[in-house]
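**Q** Below is the structure I would like to discuss, written out as structure tokens.
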Amino acid sequence: MTFRISTTPIEAASLQRALGDERAGACVTFEGWVRNWNEGQPVLSLEYEAYTPLAEKEGERILAEAQQRFALLGAVCVHRVGLLQLGEMAVWVGVTAEHRGAAFEACRYIIDEAKARVPIWKKEHYASGATAWINCATRGGHSDPAAIPPA
């Protein structure tokens, strides 16, 4: 079980290969990509920031919870930080389990919990030239990454 913050592009194929397990009857993956539109505005790029020590610690907790709840054989989640362009992968989740039902449910659980609990902030850059931090109120009450003290 691995949760990691990455400053480099996510290599989905190698992550999926690392989940290989002869006991597994199912592997479910999720890729989150940068899209060109959000809430009525054209988006040009996204910028992610994270408090890495806490993000990775909380991410590991989420994976451990998923393993217990869904009897997973393996789980990996990698989230990018930095400036990402349209179409780039921002997050990848992969899980293996004996059965597909558990794998599907666990993958959904991991991405939903990561979005709700892991201190990662997303800044949208719009075609108009404006920028906005999105969904920051749920990040431990901190609306700006600068509000988190350094490690």
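The values are calculated or read from the model by the stated rules, or taken from the named source; none is laboratory data. Values in this document were obtained by computation on a predicted structure and should not be read as measured data. FYI the Cβ positions are ideal-geometry reconstructions off the backbone, even for glycines, and counts take in every protein chain you see.
**Q** For region 36-49, how many residues meet the condition of being in contact with a Leu (Cβ under 6 Å, 6 or more places away or on another chain) and outside any strand (DSSP E or B)?
**A** Final tally of qualifying residues: 1.
**Q** Sticking with this one: Look at region 110-127 and say how many of its residues are touching a strand residue (DSSP E or B) at 6+ places or on another chain (Cβ under 9 Å) and over 17 Å from residue 5 (Cβ atoms).
**A** Adding up the residues that qualify gives 4.
**Q** Still on this structure: Would you check which residues across region 34-74 are in contact with a Gly (Cβ under 7 Å, 6 or more places away or on another chain) and either of a type in the set (A, V, I, L, M, F, W, C) or at pLDDT below 95 (or both) and list them?
**A** If the condition is that a residue be in contact with a Gly (Cβ under 7 Å, 6 or more places away or on another chain) and either of a type in the set (A, V, I, L, M, F, W, C) or at pLDDT below 95 (or both), then 34 is the only one that fits.
**Q** Here is a follow-up. Check 31, 98 and return the single one that is of a type in the set (Asp, Glu), modelled with pLDDT of 95 or more and more than 12 Å from the chain's Cα centre (by Cα).
**A** Going through 31, 98 in turn, the sole match is 98.
**Q** Can you pull out every residue in region 46-105 that is closer than 22 Å to residue 28 by Cβ and of a type in the set (Ser, Thr, Tyr)?
**A** 96
**Q** Another one. For region 50-132, please list each of the strands (runs of 3 or more DSSP E) lying entirely inside it that holds at least 3 residues being out of contact with any Asp or Glu (no Cβ under 6 Å at 6 or more places or on another chain), in contact (Cβ under 8 Å) with a residue 24 or more places away in the chain and surrounded by 23 or more Cβ atoms within 10 Å (Cβ to Cβ).
**A** Here the list reads 74-80, 89-97.
**Q** Let me ask something additional. Say we look at region 21-35 and pick out the residues that are assigned to a loop (DSSP other than H, G, I, E, B) and in contact (Cβ under 8 Å) with a residue 60 or more places away in the chain; which of these is surrounded by the fewest Cβ atoms within 10 Å (Cβ to Cβ)?
**A** 23
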